[in-house]
Every structure is written in C-alpha cells, then in structure tokens.
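The values are calculated or read from the model by the stated rules, or taken from the named source; none is laboratory data. Because the structure is predicted, anything quoted here is derived from the model rather than measured. In this analysis, Cβ positions are derived from the backbone assuming ideal geometry, glycine residues included, and neighbour counts consider all displayed protein chains. Side chains are part of the model used for accessible areas, which takes the heavy atoms of the whole protein and leaves out ligands, DNA and RNA. Shrake-Rupley method; radii C 1.70, N 1.55, O 1.52, S 1.80 Å.
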Amino acid sequence: MGGPDELAQLFRGLAGRRESEAPLAPHSSFGIGGPADLLLLPPNVAALREAAALAREHGVALVVLGAGTNVLVSDAGVRGVVLSLKDGFQELGIQAGNGGGGRHAEGGAEVVVRAEAGVKQARLARFAQQHGLAGAEFMIGIPGTVGGAVRMNAGTRAACTADILLDAEVLLPDGRLATLSREEIDLSYRASALPAEAIVVAARFRLVRDDPTRIAERMAADSARRKATQPLACRSAGSFFKNPPGTSAGWLIDAAGLKESAVGDARVSRRHANFLINVGQARARDVVALMRQVQHSVACRWDVWLTPEVTMVGDEHAAHEPEEEAG
Ligand code: EPU
C-alpha cells in the first residue's frame, strides 16, 4: 500500500527516528542501493512491535536491515518500510544467576551472555574476551549484528553461530514475541528456518570460561589471517557465494581465472576471489551481472553452481530470480 507520503503518514505516531525516501547505499557495506520508501529506526521492542503490527494491518512490506553487511540492495531501492535496529537493541550482558549451571564438553564452566539484535558481532566477541569467556572469538572479524548472525548462522571456517547459540527472542509474523530454542531456529550452513518476516530481537549464547589472554591471542590470529587474505578496505558484502559442500567458492573462482573480472565498477577481488567489490560507482545491476558471469564460468569449468550468501533486497531483484543450477 501507498507511496512514501502515505507511509510517512501511516507511521507518523511511532517512537524513533524515521526518514522518507531514504537512500540505502549509506546503510550497506557495498555502498549500493536506491531509496527505501520509509526507513524506520525503532528504539525498543514496543516501537518495533507497533511498527510490525501497523505494517501487517495495512499490508505494508517490511524489510529488516541489520548492519547492511551481507545484503545487495537493488538500484530501485525498496518499496515499503525498511527497519533498522541500530538506534536501540544495544544491550549486552552476562545473565544474572549463571554459571549457566552446565559444563562445557571440554570441562569449563558455562556462562550465558545475552545480546540484543543491534549489537555488532565484534563487540560481542570483545565483551566475551574481556570477561574471560571463550566461544565467540570467530565473531571478531564478522562485520554484522547479532540479529544477522542468528538469521543466517554467521560464521567462519573455525566456528559458527549455531555452535554457541542457546536461544533467541523473535518477533513472529503474527505479532507474538517468542523465545525459540536453537533447535527450533534450526540453523544450517549460512541459513536458518526462521520465516522471512520474523525479526530477531535478542539472543543468548552459551560461552565457556577460559583465560582472557589465550582468547585474545586466538582473536588476534583470526584478524591477522583475514587482513592477509581478504580485501577488508574495499566495499563489499564479505564472502559473496556460499562454499559448496567439500570445496570453496574462492578457490573455484580463482582457479577458473576470474580474479579481476569486472562489470562496470563491480569487480572480483584480486586478494580473495569470493569477494565482489565496489571499486567506484557500481550499481546493484553490475554486481548481479558479474555474479551471473562468475556463476556461469564456474559452472562451465567445474560443473558446480555457486549460490549467493548475500541476501538480495528490493523489488528489482525479484525479476532476476531464481536462476537455477546449470546442467
Ligand atoms: N582461495 C584461493 N583463491 C582465492 C581465495 C581463496 O585459492 O582467491 C583458497 C584458499 O587458499 C583456501 C580456500 O580457498 O584454500 C578457502 O579460502 P579461505 O580460507 O579464505 O576461506 P573461505 O572459505 O573463502 C570462509 C568464510 C569467511 C571467513 C573465512 C575464514 C564462507 C563463505 N566464508 O571463507 O567468511 O572469513 O572462511 O574463516 O564460509 C563471510 O562469510 O562473509 C566471510 C568473510
């Protein structure tokens, strides 16, 4: 329903910042994307629930943008409302009364940490280290938020969110706020069973006591490795494709000779072939065209179809999808 003016009118009573026809490029690590009809930044759960209820009642599409680090926003932007949780949802702490009660498989005492959805994963990793809690080290180099980590089981080669998630508080599409266990969320490789319209509000993680110095050393080693192998200074969305079972997208793309292939200002990184980077004024359609080229070339060379890890946001993308496996 409605264009930017009607939406601004409909959501005018809500607490929190809002912006009509808000350019989304500044909210995306790719630096790409057209405007949202309305960008809302609810400061708390009450405002979020109210926004979701209004959207449901009036048939307005809602898209949640986390840190915008794993998305490609279409050039036409997003019709409807885009929600960002970065103005609130920043609480982070050790749950009172634990211990967690349990013991980790390797013997240490478990401690439960709760983080709201807008908390950056790197902040959670540093908090855990400072409190002598191991398990979240892998998050130090992941630029996204806790909400995004739960939704897509963020991780590295060493570990992933599923390894430490206890449960998550989720605003369900019917408006209920529910606590879902890790099993109910059903995390798999860079995916979860959460419905697209569900919104993660907070999550609890089970960490284990360890020596802060040793934890810091592991985090430093991970950061150094990333710095050496990934184009961290470039605008990108991290790994663009999922790793196919038993192999790695970066290796497949590199060995197919595709490093530095480009469409407009979208380019395959020389440093890591599974990073598509925006070297100037790339548009979403350039990135999508480059993605296609890479998918087809890798399919021709290796008979493997690469699936994006990056989430496509916005109307225009619908026209391109889904493209199915070659051969
Ligand atoms: N490789 C090449 N050429 C390249 C890039 C990689 O031959 O241009 C080879 C490497 O030599 C290595 C293999 O491919 O043998 C795998 O590369 P890497 O170790 O860099 O790991 P990755 O599978 O590409 C994953 C995550 C990263 C995470 C790293 C480190 C996925 C899709 N990606 O990358 O996560 O930082 O492990 O733990 O699982 C992200 O998800 O955004 C992300 C950056």
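Hey, can you tell me all the residues within the stretch 259-275 that are touching a helix residue (DSSP H, G or I) at 6+ places or on another chain (Cβ under 6 Å), of a type in the set (A, V, I, L, M) and within 11 Å of the ligand (Cβ to nearest atom)?
Passing the criteria: only 273.
For residue 46, all conditions in the list (1) crowded, with 19+ Cβ neighbours inside 10 Å; (2) in a helix (DSSP H, G or I); (3) among the aliphatic types (A, V, I, L, M) hold save one; what is the number of the exception?
With (1) crowded, with 19+ Cβ neighbours inside 10 Å; (2) in a helix (DSSP H, G or I); (3) among the aliphatic types (A, V, I, L, M) applied to residue 46, the lone miss is (1).
When the residues of the stretch 201-214 are filtered to those that are β-branched (Val, Ile, Thr) and open to solvent by 10 Å² or more (accessible area, probe 1.4 Å), which remaining residue is farthest from residue 120 (Cα to Cα)?
Once the filter is applied, the top-ranked residue is 213.
Quick test of your reading of the structure: residue 217 fulfils all but one of (1) away from the ligand (no atom under 12 Å from the Cβ); (2) within 20 Å of the chain's Cα centre (by Cα); (3) closer than 22 Å to residue 122 by Cα. Name the failing condition by number.
All conditions pass for residue 217, except number (2).
When only residues in the stretch 148-177 that are open to solvent by less than 30 Å² (accessible area, probe 1.4 Å) and more than 16 Å from the ligand (Cβ to nearest atom) count, which is farthest from residue 117 (Cα to Cα)?
175
Can you pull out every residue in the stretch 228-258 that is under 21 Å from residue 70 (Cβ atoms), more than 9 Å from the ligand (Cβ to nearest atom), among the hydrophobic types (A, V, I, L, M, F, W, C) and surrounded by 15 or more Cβ atoms within 10 Å (Cβ to Cβ)?
232, 234
Which of the residues spanning the stretch 20-41 are among the aliphatic types (A, V, I, L, M) and in a strand (DSSP E or B)?
22, 36, 38, 39, 40, 41
Please enumerate the residues belonging to the stretch 10-23 that are touching a residue at least 60 places away in the same chain (Cβ under 8 Å) and not basic (Lys, Arg). So that I can check it myself, show each step before the final result.
Pass one, the stretch 10-23, residues touching a residue at least 60 places away in the same chain (Cβ under 8 Å): 11, 16-17, 22.
Matches in the stretch 10-23: 11, 16, 22.
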